[in-house]
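Chemist: This structure is in structure tokens; I'll ask about it shortly.
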Amino acid sequence: MHAELVQERGGAHTGAAIEMHGIGKRFPGVIALEEVDLVLARGKVHALMGENGAGKSTLIKIMAGVYGRDAGSINIGGREVALRNPREALAEGIKVVFQEIALISEFTVAENIFLERHPVGRAGSIDWKKIRAESAALFERIGFDVDPAARTGDLPVSQQQMVEIARALAHEARIVVMDEPTSSLTPNEVALLFKVIRRLTDLGIAVLYVTHKLDEVFEIADTVTVLRDGRHISTRPIGEHTHDTLIQDMIGRRIDNLFPRSRGHAKGDIALSVKGVSTDAKLDDVSFEVRAGEVLGFFGLMGAGRTELAKAIVGFDPIRAGTIEVAGRPLKPHDTRTGAGLGIGLLTEDRKGEGLMLELSVQQNMSLAALGAFSRAGFVDETREKAAVQGFVDRFRVRTPSLNQLIKNLSGGNQQKVLLARWLMRGLKVIVVDEPTRGIDVGAKSEIFALLDRLANEGLAVVMMTSEMPELLGLSDRIAVMAEGRITAVFDRDAATQENILNAAIA
Amino acid sequence: MTSESLSSTRKPGTAFGLFADRSQIVLIGILAALCIAISLAAPQFYSEANVIAILRQCALVLIVAAGMTMLLICGEVDLSVGASLAFVGCIGMDVINRTGSLTLGVLAALAFAGTVGLFNGIVATRLRVNSLIGTIATMMMLQGGVFLYTREAVQNHHHLPSFTGLGAGYIGPLPIPVIIAAIVFVVAFVALRYTTFGRYLYAVGASENAARLSGLRAERLKLIAFVVTGLLVGVAGMILASLMNAGQPTAGRGFELTVIAAVILGGTSLSGGRGTLIGTLLGVLVLKVIDNGIIILRWNQDLQMVVPGIVIILATWLDIVRRRADAR
Amino acid sequence: QNTPKKIGYVVNYATHEWYQNVIKGMRDRGQQLGIEIEVKDANLDVAKQVSFAEDFMAQGVDVLIITPVNEEGVAPLIRRAKADNMPLVLEGNPVKGMTTMVAICDYDTGYHAGVAAGKYAKEHLGGTAKVMNVGLPLLSATVLRSQGFMDGIKTEIADATMVHDLDGGGNPDRALEVSSAALAQNADINIIYGINDNSSLGGLQAWKAAGKSQDGLLVVGTGGEGLAFINAMQNEPSYKIEAAMFPEKVGFTAVDAAVKVFNGEEVPEHIVSPTAPMLGEDWKKFYSVEGTTRSVNWDGINGVQAPDKCMKTAADLKQ
Amino acid sequence: MPQSLDAAHPVPPPAPAAAMLKALFRRSEIPLLISLLVVIAFFSIASDTFLTTRNIANVLGQSALAMTAGIGVAIVFISGEVDVSVGSLVAAVAIPLIVVMNATESLFLGIAAALALGLVVGAVNGYLSAYLGINSLIVTLGTLFILRGGVYLYTGQTAIPDEAMLESFFQIGNGRLLGLLPYPALIAFVLLLAFAYVMRHRPFGRQVYAVGGNPEVARLAGYSVKRVKFACFIISGLLATVAGIMLASRLGSAVHVAGLGFEFQVVAAVVLGGVSLSGGIGSLFGMALGVLILSFLSNGLGMLALATEWQLVVTGGIIIAAVAFDEFKRRRI
Ligand SMILES: Nc1ncnc2c1ncn2[C@@H]1O[C@H](COP(=O)(O)OP(=O)(O)OP(=O)(O)O)[C@@H](O)[C@H]1O
Ligand SMILES: Nc1ncnc2c1ncn2[C@@H]1O[C@H](COP(=O)(O)OP(=O)(O)OP(=O)(O)O)[C@@H](O)[C@H]1O
Ligand SMILES: [Mg+2]
Ligand SMILES: [Mg+2]
């Protein structure tokens, strides 16, 4: 489909696919973009980078017709285009993989692939056969193994992300935009994705690629544009960049050590003890202990059961068997309140579904778990609450015009910071973090690591579920590997290597 | 800036800011316009007798609406309040007749109404039945149940003056129902606005999962909101019984719609997480002033359905327009 | 003479006390004659009423009695019953194409109560009559009662006026609410008329809640079906007149009519069931009360003469 | 997609039997169907007049009103909005129907007038909700009140009788196919199949699901969320009109008190039928089962000569039990 299309549209795989000049966008209290230029070349991968809240997603949404722009012009193939709504953008061949998953969870995977235009057969009826067959073919072609007839909402986040990517390929596209597509992908899937991207560029399609992962940029991008505070900082061929120059452009300063290895967290008493925990769905006899001041990293392939374990041990999900003790005291299963009371909390991987209260303010979101601490006889002391929230906003550099901003208006990374602050404000004995740096920029990432590291040094037990090797190896004192709902191996930090971890994960 | 929950756009310091935020401007405007227009056309409108009549009517609705506001904020709804209102009056009256004690009667009424709330809460949170349909079912059961309990109005055989006072009495210039409503309002206002309980209700309504994960017992909070609503129906039911001097099994028809209309007119969101009691108060006042004004103006009473319908839509639309303008 | 085995009654509003007593009268008469009476309640839903009549026809009852929720809304039903050869008796209001109807005369009921009220006003209220009508425009029957009341009172007091014409919904709480507003608008009335007991009592409660004395006030209720009016007549100094409509008698008569129709006997189009205004202690002639049970004094009721024809019917309203 | 791949990839192989069973059970229709069968079985045993062809045909006819209006309300629910105005609309549309028929003696013109009113009301509901963004519960609660008040004002609170007495009009609500199946049942059934087809097999139907499931995603996929919702309200207005016409025929007049509380009945049936209030979930067949359960309940309890108060109590209890059962199944599997 693409091949014919591109040929027919003029063949040449070079030249500008889209030119954006002087783009400006403001939200109440925020200047999200100011005088931003971006030119995408056909058949090239253009990376867009910047801190959380730099304006990347906003720029993309303007391309996609989601937001109108306050200033600037957009040219496609030499024509100025308005892009007033998503339909117009789609008609121009702009396909976007959004940062937040944009699928209908009740629909099958196949239907989601064809959401933009259902193919119809005789008499205008939807051709379901064709939908199934073509999505199966598409998945086969890109080597993505998922049942097109599955209900999308039943898939793990990572697979949904892949579906979303596949969707961008199902239709004729001239420009494919990906906003942090790999934030929840496994290494295998990332490799798969890169293969797909190369295919797209071979067909002359322009790719705009947003990520916080520097390694990816160096692997896939031809050109990099950096935004900071809504302004255009630089656009350079990737060859002119090193890690350091990129970071320098992004955050305006250097970061020497991304994953601090402040060695040897002093271990204290057993903070969390999990014995023989099983659930109806997946977990099978999981046991482990974490001591105060220790960081226990959990690794596993997609669907290994880490998220489920995380939810079970904080009391969110019911368990079928087993016991959980926090600092020697038993946690009542399926009751987050005793969990929080005992001092265990979870930073979820599903921000929208389980973390954020979208219609409430930054302050209300952040102080939720700690509200009891700011209250006397049930009355909230708003002055203290505000001071504490402001403290965390400053410390984490949460970009928000005010504490009363609705959290849904914050960029993804800033939302994550607010959620982390929610627990840190309360003060815990054990924090369980599930993909804690998903969608977080390098600067914030290293801040969060430094923070977790410091908290561990102060005696907090950290259970970290992560799919990122550097994170895992950088911060963990011990590493537990899961597969199929069981713990298959536990390594001491010094014994752990990428190879033996991956071997245990496949087992 | 579209937040209208809690502290968002409230301007501290000014007296106005303490009691209302900008989302209420539209309603205040409508209320003022209505009052002025009706007063000009019919001066009886602001006569003491009429003001008291309006306030007494508002009191009944407001007492229940305070609970309903909490329920809607935490994402639930209760359509059984009208049917419960009738039942409560019959039970309260019956118990007073049998025991000769107002206290016991009121306690029985509260116990019954609280149990209805508890039942609704359990159906919604434990059986996970959507509260819209669950409470329609409760409404049917109560409508049937009240006639099983009594075929006819339970008459006042005790002639306790304190009972009559509940609905028709005064403390100073203020009717007792109005005082009770004021107390309920203030307590509910403070609870929603200044306590952790109130904040938790907003949180549960905004995202039940997020609230649970943050250590809140979402189901328990909802259950409490159901029980509070139930208890308030108990209070209103006793006042109504006193006003009618009988426990009337046929009372309360359509009361649930009046209450819900007032609450949503006050800007409380049906999807949970948003709403204020001040808004509810204004909603109740607007609806009852319209109702009263049509009689005072001697208009066709069929307009008592048409005009509130128009005002509800209009007020909501004006509020949307205002918010859009604010966002600029 | 044959007796039907089973009579089906589709009532419009069974939970209302008036119809409870109609049903009671039917059951009593049915027992005497050895007829099974089965009741389905439309609960004020016109669509449901048609459905239930259908159900009865499918079930195979011998005679159908219907109290229409709305008299226009059962016309097709009557046509279908005829096509089905199903004998049918209406209760309440006349419908095009019906064979026979058992009903009280609503207008006459109001009228005689009005006359009684007029006399009372001449004697005790200084000959003036300023009426607050707590009405229910929704139903033609209740509209007739209010009209009859005003026409009746005017025969005694020619310059009687209706100060307020209210829609009290027939509910106690709504009646209370609208009466309160009306009294605030203009409290210069001395007679409260209610189209049923809920309405008259709602009006009276509004009067009391406004802090007014019952001296110089007359309250007139309609129905006389439950204990509420007895309680009021005993405890409220102003509650002096109740227009009794003897629902038990209506039920009783309806069953007799059903038997006749079943046998194909000639029946008048309108079989009138009697009503009478009750003043003061009059009610004791018809009812006796023990605790909370009320029993019928058939001799008393059978002694009330019913007119052959109503002075005015719903059909007259349309002109 | 490159042609070379197309041929090589047929439809994926069917899922194994266990998975199919599981998929089947996740469908919310199954518990409903079981509930319906239980209700029918129970009354068949308890009453000897229940399970007769005539009675079953009657119930199907009686359920037709709620089913017809329910299709529209369910579609609006699926699109993520609500419509409670149907209770007044069924009464309101009878007025132009009867008035025009009385004046012109033409069934066709009468129906056209009724549909015109339904269209206008649907369009107003849709415009206010979808385009002005006013919460649809508020809008349709408003129109519920306004229409009822309007009916009372126009008729002066009396019914308007059908004076044209057209046989064709009488037959719509009272006639029976082959003397057995009431026409309303037939009409409702045909509409149900047609709209079920639309919802499942036409792009528009899928757009409705998408818009209700996630409006943001739908917008990103290029749908006009507003237009889709607007169309749903119009459909609902027109279907309520059809229900209103059938009702008017059964009543032989425009009755001012017709349809009081009908909105509760329909909403209860729709929600009982598994259509989610939050949009995007539910099927028209589920809705139809919900309507049938409530209709058979009402009929069966009537057959048992149960007093109204007990009927109310039992119906309420069964609604809770059925929804709880559905919810329980959904969580278990
Ligand atoms: N709808 C909105 N209303 C108000 N402010 C907004 C809105 N959307 C974005 N913003 C603000 O605009 C700025 C840019 O946000 P954007 O989402 O583009 O950042 P980003 O570069 O994608 O960040 P991240 O890496 O965290 O995804 C942020 O300060 C954000 O809070
Ligand atoms: N069949 C399914 N139905 C519903 N949800 C599922 C199903 N399979 C997986 N999930 C969800 O997908 C996620 C899979 O996470 P799981 O805990 O099994 O693995 P993980 O190691 O955390 O993997 P990931 O990296 O995807 O988070 C969980 O949130 C789980 O609830
Ligand atoms: Mg972003
Ligand atoms: Mg996970």
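The values are calculated or read from the model by the stated rules, or taken from the named source; none is laboratory data. In this text, all values refer to a predicted model and were calculated from it rather than measured experimentally. Quick reminder, even Gly has a Cβ in these numbers, built from the backbone with ideal geometry, and neighbours come from all protein chains shown. When the accessible area is computed, the model is the full protein with side chains, heavy atoms only, and any ligands, DNA or RNA have been set aside. Shrake-Rupley method; radii C 1.70, N 1.55, O 1.52, S 1.80 Å.
Chemist: Tell me, which strands (runs of 3 or more DSSP E) wholly within the range C:189-257 include 1 or more residues that are of a type in the set (S, T, N, Q)? Outline the logic, then answer.
Modeler: Details: elements: C:191-194, C:218-223, C:239-244.
Here the list reads C:218-223.
Chemist: Only one of these conditions is not met by A:ASN75: (1) within 16 Å of ligand 2 (Cβ to nearest atom); (2) polar (S, T, N, Q); (3) part of a strand (DSSP E or B). Which number is it?
Modeler: Every condition holds for A:ASN75 apart from (1).
Chemist: In addition: When you scan the range A:385-417, how many residues do you find that are crowded, with 24+ Cβ neighbours inside 10 Å and either among the basic types (Lys, Arg) or away from ligand 1 (no atom under 11 Å from the Cβ) (or both)?
Modeler: The total comes to 2.
Chemist: Okay, next question. So which strands (runs of 3 or more DSSP E) are wholly in the range A:267-386 and hold at least 1 residues that are within 16 Å of ligand 4 (Cβ to nearest atom) and in contact with a helix residue (DSSP H, G or I) (Cβ under 9 Å, 6 or more places away or on another chain)? Give the steps one after another, and end with the answer.
Modeler: Details: elements: A:270-278, A:286-291, A:295-300, A:321-326, A:344-347.
By residue number, A:286-291, A:295-300, A:344-347.
Chemist: I'd like the residue in the range A:428-447 that is open to solvent by 10 Å² or more (accessible area, probe 1.4 Å) and more than 16 Å from ligand 4 (Cβ to nearest atom) and, out of all such residues, is nearest to the other protein chains (Cβ to nearest Cβ).
Modeler: Ranking the qualifying residues of the range A:428-447, first place goes to A:LEU428.
Chemist: Does A:ILE126 meet the test of being in contact with a helix residue (DSSP H, G or I) (Cβ under 8 Å, 6 or more places away or on another chain), in contact (Cβ under 8 Å) with a residue 60 or more places away in the chain and outside the structural domain of A:VAL45 (by TED's automatic domain parsing)?
Modeler: Working: in contact with a helix residue (DSSP H, G or I) (Cβ under 8 Å, 6 or more places away or on another chain): yes; in contact (Cβ under 8 Å) with a residue 60 or more places away in the chain: no; outside the structural domain of A:VAL45 (by TED's automatic domain parsing): yes.
So A:ILE126 does not fit the description; no.
Chemist: What's the total number of residues in the range A:413-423 that are among the β-branched types (Val, Ile, Thr) and either within 16 Å of ligand 4 (Cβ to nearest atom) or at pLDDT below 90 (or both)?
Modeler: First, pick out the residues of the range A:413-423 that are among the β-branched types (Val, Ile, Thr): A:418.
Checking which are either within 16 Å of ligand 4 (Cβ to nearest atom) or at pLDDT below 90 (or both) leaves us with none.
So the answer is 0.
Chemist: Next question. Suppose we filter the range B:285-310 for residues that are away from chain D (no Cβ under 14 Å) and part of a helix (DSSP H, G or I); how many remain?
Modeler: Step one: of the range B:285-310, the residues away from chain D (no Cβ under 14 Å) are B:285, B:288-289, B:292-293, B:295-298.
Filter once more, keeping what is part of a helix (DSSP H, G or I): B:285, B:288-289, B:292-293, B:295-296.
Residues that pass the stated criteria total 7.
Chemist: Would you mind finding the one in C:GLU54, C:GLU38 that is surrounded by fewer than 21 Cβ atoms within 10 Å (Cβ to Cβ) and among the acidic types (Asp, Glu)?
Modeler: Details: C:GLU54 fails: surrounded by fewer than 21 Cβ atoms within 10 Å (Cβ to Cβ).
That would be C:GLU38, the only listed residue that is surrounded by fewer than 21 Cβ atoms within 10 Å (Cβ to Cβ) and among the acidic types (Asp, Glu).
Chemist: Could you tell me which numbered condition D:VAL151 fails, if it satisfies all but one of (1) within 9 Å of chain B (Cβ to nearest Cβ); (2) aliphatic (A, V, I, L, M); (3) open to solvent by 30 Å² or more (accessible area, probe 1.4 Å)?
Modeler: (3)
Chemist: Okay, next question. Being surrounded by fewer than 24 Cβ atoms within 10 Å (Cβ to Cβ), among the polar types (S, T, N, Q) and touching a residue at least 60 places away in the same chain (Cβ under 8 Å) narrows it down to one residue among B:THR115, B:THR99; which is it? Don't jump to the end; show me each part of the working.
Modeler: On the way: B:THR99 fails: touching a residue at least 60 places away in the same chain (Cβ under 8 Å).
The match here is B:THR115.
Chemist: From A:LEU475, A:LEU410, grab the single residue that is within 22 Å of the chain's Cα centre (by Cα) and either assigned by TED's automatic domain parsing to the domain that holds A:ILE270 or at pLDDT below 85 (or both). Break it down into steps so the answer makes sense when it comes.
Modeler: Details: A:LEU410 fails: either assigned by TED's automatic domain parsing to the domain that holds A:ILE270 or at pLDDT below 85 (or both).
The match here is A:LEU475.
Chemist: Restrict the check to the range D:222-229 and report whether at least one residue is open to solvent by 10 Å² or more (accessible area, probe 1.4 Å), at the interface with another protein chain (Cβ under 8 Å from one of its Cβ atoms), more than 16 Å from D:VAL120 (Cβ to Cβ) and assigned to a helix (DSSP H, G or I).
Modeler: no
Chemist: Now for a different question. Quick check on this structure: which one of C:LYS40, C:LYS48, C:LYS24 is within 14 Å of chain D (Cβ to nearest Cβ) and in a strand (DSSP E or B)? Please lay out each step first, then the result.
Modeler: Numbers: C:LYS48 fails: in a strand (DSSP E or B); C:LYS24 fails: in a strand (DSSP E or B).
So the residue among C:LYS40, C:LYS48, C:LYS24 that is within 14 Å of chain D (Cβ to nearest Cβ) and in a strand (DSSP E or B) is C:LYS40.
Chemist: Let me ask something additional. List the number of the failed condition for A:ASP477; all other conditions in (1) within 16 Å of ligand 4 (Cβ to nearest atom); (2) in contact with a Lys or Arg (Cβ under 6 Å, 6 or more places away or on another chain) hold.
Modeler: Of the numbered conditions (1) within 16 Å of ligand 4 (Cβ to nearest atom); (2) in contact with a Lys or Arg (Cβ under 6 Å, 6 or more places away or on another chain), the odd one out for A:ASP477 is (1).
Chemist: Just give me the residues in the range A:151-187 being within 11 Å of chain D (Cβ to nearest Cβ), more than 16 Å from ligand 3 (Cβ to nearest atom) and under 23 Å from the mean Cα position of the chain (by Cα), in sequence order.
Modeler: Step one: of the range A:151-187, the residues within 11 Å of chain D (Cβ to nearest Cβ) are A:151-154, A:164, A:167, A:169-172.
Checking the rest, the ones that are also more than 16 Å from ligand 3 (Cβ to nearest atom) come to A:151-154, A:167, A:169-172.
A:ARG151, A:THR152, A:GLY153, A:ASP154, A:ARG167, A:LEU169, listed by residue number.
Chemist: Which residue, of D:ALA57, D:ALA74, D:ALA112, is modelled with pLDDT of 95 or more and surrounded by fewer than 22 Cβ atoms within 10 Å (Cβ to Cβ)?
Modeler: Working: D:ALA57 fails: modelled with pLDDT of 95 or more; D:ALA74 fails: surrounded by fewer than 22 Cβ atoms within 10 Å (Cβ to Cβ).
One residue alone meets the criteria, D:ALA112.
Chemist: Could I ask something else about it? Of the residues that make up the range A:23-34, is at least one more than 16 Å from ligand 1 (Cβ to nearest atom), farther than 30 Å from D:GLY213 by Cβ, within 27 Å of the chain's Cα centre (by Cα) and open to solvent by 40 Å² or more (accessible area, probe 1.4 Å)? Please lay out each step first, then the result.
Modeler: Of the residues in the range A:23-34, the ones more than 16 Å from ligand 1 (Cβ to nearest atom) are none.
Within the range A:23-34, none of the residues are more than 16 Å from ligand 1 (Cβ to nearest atom), farther than 30 Å from D:GLY213 by Cβ, within 27 Å of the chain's Cα centre (by Cα) and open to solvent by 40 Å² or more (accessible area, probe 1.4 Å).
Chemist: Could you grab me the full set of residues in the range D:292-302 that are buried (at least 23 other Cβ atoms within 10 Å of the Cβ) and within 9 Å of another protein chain (Cβ to nearest Cβ)?
Modeler: Passing the criteria: D:SER295, D:ASN299, D:GLY302.
Chemist: Let me ask something else. Could you list all residues from the range B:257-284 that are within 14 Å of chain C (Cβ to nearest Cβ) and open to solvent by 10 Å² or more (accessible area, probe 1.4 Å)?
Modeler: Pass one, the range B:257-284, residues within 14 Å of chain C (Cβ to nearest Cβ): B:257-259, B:284.
Correct list: B:LEU257, B:THR258.
Chemist: Looking at A:LEU360 and the list (1) within 16 Å of ligand 2 (Cβ to nearest atom); (2) surrounded by 15 or more Cβ atoms within 10 Å (Cβ to Cβ), which single condition is not satisfied?
Modeler: Single failed check for A:LEU360: (1).
A quick yes/no check of all residues on (1) open to solvent by 20 Å² or more (accessible area, probe 1.4 Å); (2) under 30 Å from B:GLU152 (Cβ atoms):
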position	(1), (2)
C:GLY110	no, yes
C:VAL115	yes, yes
C:GLY126	yes, no
C:LYS130	yes, no
C:GLY148	no, yes
C:ALA160	no, no
C:ASP165	yes, yes
C:GLY170	no, yes
C:GLU177	yes, yes
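Chemist: Another one. Yes or no: C:ILE301 touching a helix residue (DSSP H, G or I) at 6+ places or on another chain (Cβ under 6 Å), touching a residue at least 40 places away in the same chain (Cβ under 8 Å) and farther than 20 Å from C:ILE7 by Cα? Step through it out loud before you land on a result.
Modeler: Working: touching a helix residue (DSSP H, G or I) at 6+ places or on another chain (Cβ under 6 Å): yes; touching a residue at least 40 places away in the same chain (Cβ under 8 Å): yes; farther than 20 Å from C:ILE7 by Cα: yes.
The answer is yes for C:ILE301.
Chemist: Here is a follow-up. Identify the residue in the range A:106-150 that is among the β-branched types (Val, Ile, Thr) and facing chain D (nearest Cβ under 7 Å) and, among all such residues, is farthest from ligand 2 (Cβ to nearest atom).
Modeler: Only one residue fits best here, namely A:VAL120.
Chemist: What strands (runs of 3 or more DSSP E) lie completely within the range A:139-245 and have 3 or more residues being open to solvent by 10 Å² or more (accessible area, probe 1.4 Å) and of a type outside the set (Ser, Thr, Tyr)?
Modeler: Qualifying strands (runs of 3 or more DSSP E): A:231-237.
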